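The values are calculated or read from the model by the stated rules, or taken from the named source; none is laboratory data. All values reported here derive from a predicted model rather than from experimental measurement. With ligands, DNA and RNA removed, areas are computed over all heavy atoms of the protein, side chains included. Shrake-Rupley method; radii C 1.70, N 1.55, O 1.52, S 1.80 Å.
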Amino acid sequence: METLHENAPGSDYERQRPEVLAGRLGISTRTVRSRCARGDVARMTVAGRVWVRLPAGLAPQLGKDVTIERLLPLFLQLLRDESSEVRLNVISRLEVVSGVLGVDQIARSLLPAVMELAPDQQWRVRLAVIQYMPLLAQQLGAEIFDRDLSQLCLSWLEDSVYAIREAAVK
């Protein structure tokens, strides 16, 4: 990746600068820089693209309203990213974000996104979804889980990948 292109206005790098990320999240640049220094935000290069693992650790500090307004849309966008590495990183941070959201918001926003990821071509993404399922079930309650997720969980028992079937049983 050439330096001239990565710093171009509107590039992936430009959109993920601390000032821009702070503006998107509605927090101070100082907070973003501090979180970067602690490792809560990390720059990664995958397939020539530069992007940011979102600072999920900020969700409890931002509170429910700001998390819903600013952070959740970024998470939902990255859950649909073409890179399985991006999707895996976001799924691994859903626990922190979903802990801040209420049941209604989880059912409206995160549940459909998780349902989209459940049949993902990458088995590691499917595995991450399975590992997130107990927490999601606990937060949503038995009624919503039975109605929306039970058939999905049963389908994993017939997955072609052994690790998926094994995780589904646990």
Among Ile130, Ile68, what's the order by accessible area (1.4 angstrom probe), most exposed first?
-> Ile68, Ile130
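On a full-extension model of 0.36 nm per residue, what is the gain between Ser150 and Glu82, subtracting their alpha-carbon distance, rounded to one decimal in nm?
21.8 nm
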